[in-house]
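Data block below; observations after.
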Amino acid sequence: MDAQDTMQSAIRGRWAVAAIFLANGFLTGSWAPQIPVFLTRLDISKFTLGLLILLFGVGAVAAMSWCGHLISRHGSRTVLRWFGLCGSLGLLIVALAPNVPLAAIAMIIFGGSIGGMDVAMNANAVVVERRLSRAIMSSSHGFWSLGGFAGGGLGGYAIQTYGHLAHAAVVTVIAFAVIAVAVGYLIAEDKPQAAEHHRLTLPANPLVYLVGLMALLTMISEGAVLDWAALYLRQELGADLAIAGLAYAAFSGVMAVMRFFGDGVRNRFGAVATLRGSAVVAAAGMLVAGLSPSPWIAIAAFALCGFGIANMVPIIFSAGGNQEGMSSGTGMSVVTTMGYSGILVAPSAIGFVAEHSSFGPIFVAMSGLLIVVLLMAGLAHRAEFAAAPAE
């Protein structure tokens, strides 16, 4: 009976953490259609917008580092509870910011809360996997993408119809409600393992850094779509706000579907072959998006890119966590830190370039980065060890 209760608790915990992935993706996706309004509302240049997005990334990376220490001391459930509830308020704080200095502070808070929430929810998903003795990580990221699809798809229409502040308020209420219910069902580690939390230990094996580079290049492209696709459609392809918001929605929606099927695809074709095929598709989608003559072709191209990128990151992360001669935690920490710097920090550089150029060539350049990942795909062979079915 105890075993049955434990299993039921784990199942509830599985859906609870999935709900938090969904809420995190919803908050992140809802930010994408806010960006064009953010630019015009504060009357700032793309360069300044790039700096503000950089502050979002700085806040997120700082919180990610701090969050690991907190989890080692207090457990993922407690840390996720606080970061999740605080994170639901982040978008509203940004939407309320009346000027650039306060917007800068708001972006650091928003980025920090989303970044800390991201680490904690991934850590809690690992706890659930151990309790259930089966993989749930790929589908958990699928729920994140599903939330991003909903946030990006509905956000442009909501902002255009009701205004950016009303949109942010509704997003906050929905996210807070989902997280508040879900945290009551999260499961905890048997005990936080503070002794296993090492301070600054960098592995000597250079291969893990090359795998991290693949994560970086892949997630730069993902961050470029999140932060700049809506503005690209709005300013250069003449789309209205509702249509511009569909760029990230299409990208994230297709990504969500593919992530729910990702484990099966990798089990059938192998990690390296899946990564190579995914990189080709993603690069083709990004190239067409950058050369697109119309918003709708660009939206379809971003969807194709999402189809490809969907399973690249999980495979690369698996390769990082299965490096020879080091613990899975050490390899994973290097690869995830390098990867998340791509999605959180690097896109700010795009704003600097776009100030003197246009977004089309930038997205074409992103396709080149994905080709580099294609050429490096053989380094992901360590992920084959994680490709066996969970059963």
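The values are calculated or read from the model by the stated rules, or taken from the named source; none is laboratory data. This is a predicted model, so every value here is computed, not measured. Glycine gets a Cβ as well: all are built from the backbone with ideal geometry, and neighbour counts include every protein chain shown. Ligands, DNA and RNA are excluded from the accessible area calculation, which covers all protein heavy atoms including side chains. Shrake-Rupley method; radii C 1.70, N 1.55, O 1.52, S 1.80 Å.
Across the range 352-362, in residue order, what do the Karplus-derived ³J(HN,Hα) couplings come to in whole Hz, using 6.51 cos²θ - 1.76 cosθ + 1.60 with θ = phi - 60° and x for Gly and Pro?
Each residue of the range 352-362 in turn: 5, 5, 5, 5, 10, 9, 10, 6, x, x, 5 Hz.
May I ask you to rank T28, T161 by accessible area, largest first, using a 1.4 Å probe over the protein chains only? Before the final figure, lay out each step's value.
Working: T28 15, T161 65 Å².
Sorted descending by solvent-accessible area, the residues read T161, T28.
Which FRET efficiency value, to the nearest 0.05, is calculated for R268 and L96 with the Förster distance at 45 angstrom and r the Cβ-Cβ distance?
Working: r = 48 Å, r/R0 = 1.07.
Result of the calculation: an efficiency of 0.40.
Roughly how compact is the chain, stated as its Cα Rg over 2.2 N^0.38 Å to two decimals? All intermediate terms of the calculation are to be shown ahead of the outcome.
Numbers: Rg = 19.7 Å, N = 391, 2.2 N^0.38 = 21.3 Å.
So the Cα radius of gyration is 0.93 times the expected 2.2 N^0.38 Å.
If R₀ is 45 angstrom, what is the calculated FRET efficiency for the pair E324 and A180, using the beta carbon separation as r and rounding to 0.05? Let's see the in-between values first.
Numbers: r = 43 Å, r/R0 = 0.96.
FRET efficiency, E324 to A180: 0.55.
Gain in length, W66 to A188, computed as 0.36 nm per residue apart minus the alpha-carbon separation, to one decimal in nm? Could you put the intermediate results ahead of the total?
On the way: separation 122, 0.36 × 122 = 43.92 nm, distance 1.91 nm.
Between W66 and A188, full extension yields an extra 42.0 nm.
So with the 1.4 Å probe, I'd like the accessible area per residue for the chain, rounded to whole Å².
Details: 15810 Å² over 391 residues.
Here the residues of the chain average 40 Å² of exposed surface.
Taking the Cα centre of each part, how many Å lie between the range 125-154 and the range 66-95?
17
Starting from the residue with the highest accessible area, list E189, E355 in decreasing order, probe 1.4 Å. It would help to have the intermediate numbers written out before the result.
Values: E189 50, E355 75 Å².
Heavy-atom accessible area, descending, gives E355, E189.
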